[in-house]
Amino acid sequence: MKIATFNINNIRKRLPNLLAWLAEAEPDVVCLQELKTTDRQFPSSALEKAGYSSVWLGQSTWNGVAILSRDRAPVLVRYGLPGDLNDRQARYIEAAVDGVVICSLYAPNGNPQPGPKFDYKLAWNERLIAHAAELQATGVPVVLAGDFNIVPESCDVYPSRSYADNALVQAEPRRQYRSLLDAGWTDALRALYPEETLYTFWDYRRNRWQRNAGLRLDHVLLSGSMRERLVSGGIDRYVRGQDGASDHAPVWIDINRKKV
DNA sequence: ATGGCAGGTTCGACCTGA
């Protein structure tokens, strides 16, 4: 069962790129972020034609998350991250596919820091940590996938000082990410490639793709019962180099259908 | 220290993203 996450950065603008990658990569499940489209404008019929059923949570202009599933429809579990009824930003959706709970998340960027946006980032991450603990406690297999907007360690950003003041690399969000790992979640790509340089995002500006000046922001976390089912994984870097590409590349894992 | 790219909306000078 191949599960992928892809910050698409506007699904309508990049629909041809998305469809080409789906045809090439043939993932079974896809978590999408930054749809940047309203619910009404989500291209569900084009995705159906490509063989994927979807659940989505859209928002005008910003944010937006979705879960796609091939052959079988994803069963919606929840819209939105619990813990703040006043939070209207479309950053979280949860669905069940083939006995696995799939969470597609788009965590706040948090820039500039310090400031209200950084405060929102930290508060949102705390809600994620609390909800992840509840999911973990059920014992159900869970995959938390998406754009966490956190560079976990200094090896996950190209050598540079340009990001030193950036919200993505600050100690507090890094502690929050590490607390998820300490609570039993497995960073799938880092587990598969402990020593490799892994980037999933390259800014459009300053030739950062051409220079491979990247960051690792998109992560796939596995609950305890999923860890032993992990077979392989990777980053489809080539997608970032194509015409009209998102500034993120897809990240994917392959897991055994049944418990080993 | 700044701005660089890409796209959005308030249709054109702003904003966000990371």
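Taking only the range A:31-50 into account, find how many residues are within 22 Å of A:Gly233 (Cβ to Cβ) and either without any contact (Cβ under 8 Å) to a residue 60 or more places away in the chain or open to solvent by 10 Å² or more (accessible area, probe 1.4 Å) (or both).
The total comes to 1.
Would you pick out the residues in the range A:34-82 that are in a loop (DSSP other than H, G, I, E, B), within 16 Å of DNA strand B (Cβ to nearest atom), among the hydrophobic types (A, V, I, L, M, F, W, C) and at pLDDT 95 or above?
Within the range A:34-82, A:Leu35, A:Phe42, A:Leu81 qualify.
How many residues does the range A:115-147 hold that are near DNA strand B (Cβ under 10 Å from one of its atoms) and in contact (Cβ under 8 Å) with a residue 40 or more places away in the chain?
Selection size over the range A:115-147: 3.
Given the residues A:Tyr238, A:Tyr199, A:Tyr177, A:Tyr204, which is the only one that is of a type in the set (Ser, Thr, Tyr) and away from DNA strand B (no atom under 16 Å from the Cβ)?
Answer to the selection: A:Tyr238.
Which of the numbered conditions does A:Pro27 fail, given that it passes all the others? Conditions: (1) in contact (Cβ under 8 Å) with a residue 60 or more places away in the chain; (2) open to solvent by less than 70 Å² (accessible area, probe 1.4 Å); (3) within 11 Å of DNA strand B (Cβ to nearest atom); (4) in a loop (DSSP other than H, G, I, E, B).
Unmet condition: (3).
Would you mention how many residues in the range A:203-232 are buried (at least 21 other Cβ atoms within 10 Å of the Cβ) and part of a strand (DSSP E or B)?
Number of matching residues: 6.
Given the conditions (1) within 16 Å of DNA strand B (Cβ to nearest atom); (2) surrounded by 19 or more Cβ atoms within 10 Å (Cβ to Cβ), report the number of the one that A:Pro112 does not fulfil.
(2)
Give the range A:157-180 a look and list any residue that's surrounded by 14 or more Cβ atoms within 10 Å (Cβ to Cβ) and either aliphatic (A, V, I, L, M) or over 16 Å from A:Asn125 (Cα atoms) (or both), or say none.
Within the range A:157-180, A:Val157, A:Tyr158, A:Tyr163, A:Asn166, A:Ala167, A:Leu168, A:Val169, A:Leu180 qualify.
Pairs please, first residue from the range A:149-161 and closer than 21 Å to A:Phe6 by Cα, second anywhere and in a helix (DSSP H, G or I) and more than 12 Å from DNA strand B (Cβ to nearest atom), Cβ atoms under 7 Å, 6+ apart in sequence or on different chains.
Short answer, once both residue conditions are applied: A:Ile150/A:Arg174; A:Ile150/A:Tyr177; A:Pro152/A:Arg174; A:Pro152/A:Tyr177.
The values are calculated or read from the model by the stated rules, or taken from the named source; none is laboratory data. None of these values were measured; they are calculated from a predicted model. Here Cβ is always computed from backbone atoms with ideal geometry, including for glycine, and neighbour counts include all displayed protein chains. The accessibility values were calculated without ligands, DNA or RNA, using every heavy atom of the protein model including side chains. Shrake-Rupley method; radii C 1.70, N 1.55, O 1.52, S 1.80 Å.
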